[in-house]
Amino acid sequence: MRVVIAPDKLAGTYTASEAAAALAAGWREGRPGDDLATAPLADGGEGTAAALLAARGGEWRVCTVRDALGRPRRARFAVLAGGEAALDVAEACGRQTVADLPPDPLGASSFGAGQLIAAAVVAGAGRITIGVGGTASTDGGEGLRRALGDAAAGLELVAALDVRNPLLGPDGAAAVFGPQKGATPEQVLALDRRLAALALPTAGRPGAGAGGGIGAMLMALGATPVAGAELVAEAAGLDALLARAAVCLTAEGRIDRGTLGGKVVATVADKCARARVQCIAVGGLVDAAAAGELEGRGCETYECGDMRRAGAELAARPWPSS
């Protein structure tokens, strides 16, 4: 039996590649004769560059940038086969870069993300895919713009977006994601006013609020916006893998309402439905309402935080022998 294993990361526990390997190892314990294909995925947040590198080949490069609060840190970007590059802004200004300090929502900057893009330009990339999610900053990408300067001229930029939120208002970057970054209600209002003051013409576009507003800035700089999960799935050849499969396992750390809006699990579930492949989504935590929605799309959910154990338990079901 052909089984496709296509998870996202489980933040703080597994990278997407580690999750895929663990699910595969567990499955092989029960069904060593099955044909397994692994395709680590990402949605435009952390892990997007790694998933594109795994799918397309290339190498990592390392440079020094500023973290979200201005300290120097080493960050990496991927030079892909064909002279393109891919990077995650979270490598520079992600929440994990400042997890050792008290939250500073008003002081956090995307400046390092602009430095990371500029380093990819220096490396010779003419086309750069940018994973936009997972930032500690809510500066509308203003820091990124200042650091990048004229380096964006003539570049082909692709903004891989992990959310569809606009920049401003009750569904915007500050209101929805500011509290996750430690912003108080008063700071949320201040951040939203500061974002509005940028007067970005792209503020109302879907995904403008991604990465604390980096989505809006990149689109204003001419970047082509794409759904991150679809972009990575296409690079990984997921549709072709599913064409020959009977079962597909996908996964993420928490399956909840946010999963349904273009994240990896929902994207894989929809592709499996079109391909008539049984889909099982493993989550460390599974929200009942989201599980019901996914079931309506033909995707079963399975709550288990140990990916190897989940793979073994799912393989132990009475699957057909071929």
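If you take the alpha carbon atoms of the stretch 103-164 and fit the smallest convex hull around them, that volume is 87 Å³ per residue. Express in whole angstrom the spacing between the alpha-carbon centres of the stretch 196-236 and the stretch 10-71. Their Cα centres are 23 Å away from one another. Couplings 3J(HN,Hα) for the stretch 123-136, derived from phi with the Karplus relation 6.51 cos²θ - 1.76 cosθ + 1.60 (θ = phi - 60°), are 6, x, 6, x, 9, 10, 9, 10, x, 9, x, x, 8, 8 Hz, where x marks Gly and Pro.
Proximity of backbone amide H atoms, modeled 1.01 Å from N, is registered between Gly58 and Ala81 at under 5 Å, excluding neighbours fewer than 5 places apart on the same chain. The packing ranking of peptides 17-23, 132-138, highest mean first, is 132-138, 17-23, where packing means the average number of other beta carbon atoms within 10 angstrom of each residue. Counted by neighbouring Cβ atoms within 10 Å, the residues Trp319, Trp60, Trp27 run from fewest to most as Trp60, Trp319, Trp27.
Shape annotation for the stretch 219-322: C-alpha extents along the principal axes are 52, 30, 25 Å, from largest to smallest. Full extension of the chain between Glu234 and Trp60 gives 60.5 nm of extra length, using 0.36 nm per residue less the Cα-Cα distance. Couplings for the stretch 210-221, taken from phi via the Karplus curve 6.51 cos²θ - 1.76 cosθ + 1.60 with θ = phi - 60°, read 5, x, x, x, 4, x, 5, 5, 4, 5, 5, 7 Hz in order; Gly and Pro are left as x.
Mean silhouette area of the chain, derived from the convex hull of its C-alpha atoms and averaged over all directions, reads 15.6 nm². Tell me, what is the FRET efficiency for Asp100 and Glu300 to the nearest 0.05, using R0 = 41 angstrom and their Cβ-Cβ distance as r? FRET efficiency, Asp100 to Glu300: 0.55. Taking the empirical scaling 2.2 N^0.38 Å for compact globular proteins as reference, the stretch 17-175 has a Cα radius of gyration ratio of 1.14. Summarising the strand pairing of the chain, around 30 percent of its internal DSSP beta bridges are antiparallel. In the stretch 50-69, which residues have a backbone nitrogen under 16 Å from the label point lying 7 Å from Glu18's Cα in the Cα-to-Cβ direction? Correct set: 50-51. Note on Trp319 and Gln278: the extension gain reaches 13.6 nm, defined as 0.36 nm multiplied by sequence separation minus the Cα-Cα distance. May I ask you to derive the FRET efficiency for Ala199 and Arg127 from their Cβ-Cβ distance with R0 = 22 Å, giving the value to the nearest 0.05? According to the calculation, E is roughly 0.20.
Expressed to the nearest 5 percent, the antiparallel share of DSSP beta bridges inside the stretch 48-229 is 50 percent. Applied to the stretch 284-297, the Karplus parametrisation 6.51 cos²θ - 1.76 cosθ + 1.60 on θ = phi - 60° returns per-residue 3J(HN,Hα) values of x, 10, 10, 6, 4, 5, 5, 4, x, 5, 5, 4, x, 8 Hz, with x for Gly and Pro. Count the net charge of all other residues whose Cβ sits under 11 Å from the Cβ of Glu46, scoring Lys and Arg as +1 and Asp and Glu as -1. Around Glu46, the surrounding residues sum to -3.
Potential lengthening of the chain between Thr184 and Leu285 amounts to 33.7 nm, from the contour at 0.36 nm per residue minus the alpha-carbon distance.
The protection proxy used here, the mean number of other Cβ atoms lying within 10 Å of each residue, ranks peptides 108-114, 264-270 as follows, highest first: 108-114, 264-270.
Applying a 4.7 Å Cβ-Cβ cutoff to the chain leaves Cys63, Cys93, Cys248, Cys304 as cysteine residues with no disulfide-compatible partner.
Each reported figure results from applying straightforward, stated rules to the coordinates on display, with no laboratory input. Remember, it's a predicted structure, so these values are computed and weren't measured experimentally. FYI the Cβ positions are ideal-geometry reconstructions off the backbone, even for glycines, and counts take in every protein chain you see.
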